[in-house]
Amino acid sequence: MNAATRLTGLRLSLPPDTTPFSRADLVFFGLEHGGPSVEVRIFFNAPDADESTPTTDEAGFVGLFSIFGHGGCFGDEGHCDVPETRRPNDLRPQHPLTPITKHVTVTDAVRRLTAAGAQDVTVTIVPLLHDVPAYVPEELCAEPVKYQRLSMVLYQ
Amino acid sequence: MQTNVDRMAAGGVALRKSIYQLTPDELAAYREAIAKLMARNDNKGYNFLAGVHGVPQQLCVHHQWHWLAWHRAYLYLFEQRLQDQVAGVTIPWWDWTSAATHTNGIPQAFADATTPDGSPNPLLKAPIHLLNPQPSWPTETHRSPRRPTSPLLPTSHDVDVKQGTLAIPFFDRDPTGFSESLAGYHDNLHNWVGGEMSMPPWSAYDPIFWSHHCMVDRIWYLWQIQFPNAVFDPALLSRPLVVPDTDFTVADTLDITRLGYGYALTELPIT
């Protein structure tokens, strides 16, 4: 197992302790999934977290998700390029590699932090690659977690 | 013991069973059907069917609500092909939340190198035959499972297989929320098995794929029982599912009895 580039120093605001919510999610918008499959571990207030950090509350671990990655392109040139625009009469389903949205539920961790008076939290994202087959292009493995936007979403 | 052939002859449905609970004869029949599909090179064979999901046809649907319906139709096609080879064979489901998996990893039925008669186990791996492959592409499947203690492996806390509900509450009654949550556990399992299973273009070539998705289908079925009044978007229900040799819409897949299978352990008539 090897860790690809970690994402550190991300700061998210937390809701005031008085905000009523039943569920808190970290939401990755515009997540790409054309590269290798990745286990993505999320830590709060643990800037040094890496692949060896325990997946426990005490270590700041708050959840994980998988990118079920395409592993590269297995077609001819342009086969996996997601079109930026569509013709008005293009009624085909969306391109299979259209970026997706992923939710990671972190309700308990947010409750603990807000109860302790925290106003924000730093987020560390640790991608773990495991035995990536040789036919997956190396350049896709260096930065396997790419997204457009990360938010915390609260539900009443 | 009543067999699927008996049940189907009596007008009933064929039962899908846990891979851990197949009798030796049932496991042998499943392996025989898989091996016969693998021996075929036409559009009724294993490679063609795996290539519907992945390379070269790549018709699989993920990251949209109807991924569950698409895979139900896909498993239906695969199961019909199995029954064309050996009467009464159904796809066994792999309960990856079970204590057995969390202790021993991949079930022995898929991990054994050979069958009891000494022949290669067709559930261990599959060849990948393509017309115009690139030299770097895989020519057979392999696995690289992580430890059974890995947090990637969904637990019985994550997925309540008795109720068909997921640990993430709130969206349980909403088909879209349920579908997305289940997709997350589904993705984790693909990643946990590793190798070709971890990538959509190749995953269906691995013989364990069918039992993983049978488990996903079973959870969806249990959820359907739990929430029979769930409201679906009518536009979604009429959506066609592109799976060869079938012409299902999403609505056509909602009743598994119509598709000729069930997940009950047994049915005891009350007289």
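Limited to region A:65-94, what total is found for residues that are within 13 Å of chain B (Cβ to nearest Cβ), in a loop (DSSP other than H, G, I, E, B) and within 22 Å of the chain's Cα centre (by Cα)?
Filtering region A:65-94 for residues within 13 Å of chain B (Cβ to nearest Cβ) gives A:65-77, A:79-80, A:82, A:91-94.
Now narrow it down to the ones that are in a loop (DSSP other than H, G, I, E, B): A:68-77, A:79-80, A:82, A:91-94.
When the remaining residues are screened for being within 22 Å of the chain's Cα centre (by Cα), the result is A:68-73, A:80, A:82, A:94.
Selection size over region A:65-94: 9.
List every residue pair whose Cβ atoms lie under 7 Å apart, where the two residues are 6 or more positions apart in sequence or sit on different chains, the first residue falls within region B:24-38 and is closer than 12 Å to residue B:115 by Cα, and the second residue, located anywhere, is hydroxyl-bearing (Ser, Thr, Tyr) and not in a helix (DSSP H, G or I).
Here the result reads B:31/B:115, each pair linking region B:24-38 to a residue that is hydroxyl-bearing (Ser, Thr, Tyr) and not in a helix (DSSP H, G or I).
Would you confirm whether any residue within region B:97-114 is at positive phi and surrounded by fewer than 18 Cβ atoms within 10 Å (Cβ to Cβ)? If you could, list the steps in order and put the result at the bottom.
The first filter runs over region B:97-114 and keeps only residues at positive phi, leaving B:105.
If we keep only those that are surrounded by fewer than 18 Cβ atoms within 10 Å (Cβ to Cβ) as well, we get none.
No.
Within region B:88-109, track down each residue that is more than 11 Å from residue B:18 (Cβ to Cβ), part of a loop (DSSP other than H, G, I, E, B) and hydroxyl-bearing (Ser, Thr, Tyr).
B:90, B:97
Under the condition of being surrounded by fewer than 16 Cβ atoms within 10 Å (Cβ to Cβ) and either hydroxyl-bearing (Ser, Thr, Tyr) or in contact (Cβ under 8 Å) with a residue 24 or more places away in the chain (or both), which residue from region B:124-136 is nearest to residue A:54 (Cα to Cα)?
Taking region B:124-136 first, the residues surrounded by fewer than 16 Cβ atoms within 10 Å (Cβ to Cβ) are B:127, B:130-136.
After this cut, where a residue has to be either hydroxyl-bearing (Ser, Thr, Tyr) or in contact (Cβ under 8 Å) with a residue 24 or more places away in the chain (or both) as well, the list is B:127, B:130-131, B:136.
Details: B:127: 38, B:130: 42, B:131: 46, B:136: 36 Å.
Step by step, filter region B:124-136, then rank; the result is B:136.
Consider residue B:205 against the criteria (1) without any contact (Cβ under 8 Å) to a residue 12 or more places away in the chain; (2) within 13 Å of chain A (Cβ to nearest Cβ); (3) of a type outside the set (A, V, I, L, M): it satisfies all of them except one. Which criterion is unmet?
(1)
For residue B:265, are the conditions met, namely being crowded, with 16+ Cβ neighbours inside 10 Å and either at pLDDT below 95 or in contact with a strand residue (DSSP E or B) (Cβ under 7 Å, 6 or more places away or on another chain) (or both)?
Values: crowded, with 16+ Cβ neighbours inside 10 Å: no; either at pLDDT below 95 or in contact with a strand residue (DSSP E or B) (Cβ under 7 Å, 6 or more places away or on another chain) (or both): yes.
It is false that residue B:265 is crowded, with 16+ Cβ neighbours inside 10 Å and either at pLDDT below 95 or in contact with a strand residue (DSSP E or B) (Cβ under 7 Å, 6 or more places away or on another chain) (or both).
Count, please, the residues in region A:17-52 that happen to be under 29 Å from residue A:156 (Cβ atoms) and in contact with a helix residue (DSSP H, G or I) (Cβ under 7 Å, 6 or more places away or on another chain).
So the count comes out to 4.
Taking region A:19-34 only, how many residues are within 10 Å of chain B (Cβ to nearest Cβ) and within 16 Å of residue A:70 (Cβ to Cβ)? Reasoning before the result, please.
Filtering region A:19-34 down to residues within 10 Å of chain B (Cβ to nearest Cβ) leaves A:22-23, A:25, A:31, A:33.
Add one more test, that the residue is within 16 Å of residue A:70 (Cβ to Cβ), and what stays is A:31, A:33.
Residues that pass the stated criteria total 2.
Need the failing condition index for residue A:56 against (1) away from chain B (no Cβ under 14 Å); (2) at pLDDT 95 or above, just the number.
(1)
Filter region A:109-138 for residues that are more than 23 Å from residue A:55 (Cα to Cα) and away from every other protein chain (no Cβ under 14 Å) and give the result.
Looking only at region A:109-138, we keep the residues that are more than 23 Å from residue A:55 (Cα to Cα), and these are A:117, A:119, A:133-138.
Passing the criteria: A:117, A:119.
Report yes if some residue within region A:1-12 is over 18 Å from residue A:138 (Cα atoms), more than 14 Å from chain B (Cβ to nearest Cβ) and outside any strand (DSSP E or B); otherwise report no. Give the derivation first.
Pass one, region A:1-12, residues over 18 Å from residue A:138 (Cα atoms): A:7-12.
With more than 14 Å from chain B (Cβ to nearest Cβ) added as a condition, the list becomes A:7-12.
Still in the running and outside any strand (DSSP E or B): none.
No, there is no match, as no residue in region A:1-12 is over 18 Å from residue A:138 (Cα atoms), more than 14 Å from chain B (Cβ to nearest Cβ) and outside any strand (DSSP E or B).
Across region B:13-44, which residue is surrounded by the most Cβ atoms within 10 Å (Cβ to Cβ) among those that are part of a loop (DSSP other than H, G, I, E, B) and touching a strand residue (DSSP E or B) at 6+ places or on another chain (Cβ under 8 Å)?
Result: B:16.
Got a sec? Which of B:217, B:245, B:233 is away from chain A (no Cβ under 14 Å), among the acidic types (Asp, Glu) and over 19 Å from residue B:53 (Cβ atoms)? Can you show your working first?
Details: B:217 fails: over 19 Å from residue B:53 (Cβ atoms); B:245 fails: over 19 Å from residue B:53 (Cβ atoms).
Answer to the selection: B:233.
Which of (1) crowded, with 18+ Cβ neighbours inside 10 Å; (2) out of contact with any strand residue (DSSP E or B) (no Cβ under 7 Å at 6 or more places or on another chain); (3) at pLDDT 95 or above is the odd one out, the single condition residue B:61 does not satisfy?
(3)
Step by step: first the residues of region B:45-63, then only those that are over 15 Å from the mean Cα position of the chain (by Cα) and in a helix (DSSP H, G or I), then the one that is farthest from the other protein chains (Cβ to nearest Cβ). Which residue is that?
My answer is B:48.
From the list A:136, A:121, A:110, which residue is of a type outside the set (Ser, Thr, Tyr) and part of a strand (DSSP E or B)? Walk me through how you get there before you give the answer.
Working: A:136 fails: part of a strand (DSSP E or B); A:110 fails: part of a strand (DSSP E or B).
Checking each option against the conditions leaves just A:121.
So which of B:253, B:249 is of a type in the set (Val, Ile, Thr), more than 20 Å from residue B:93 (Cβ to Cβ) and at pLDDT 95 or above? Let's see the steps before the verdict.
Values: B:253 fails: more than 20 Å from residue B:93 (Cβ to Cβ).
Unique residue meeting the criteria: B:249.
Output the residues belonging to region B:118-168 that are at pLDDT 90 or above, within 14 Å of chain A (Cβ to nearest Cβ) and not in a loop (DSSP other than H, G, I, E, B).
The one that is at pLDDT 90 or above, within 14 Å of chain A (Cβ to nearest Cβ) and not in a loop (DSSP other than H, G, I, E, B): B:140.
The values are calculated or read from the model by the stated rules, or taken from the named source; none is laboratory data. All values derive from a computational prediction rather than experimental measurement. We place every Cβ from the backbone using ideal geometry, glycine too, and count neighbours over all the protein chains shown.
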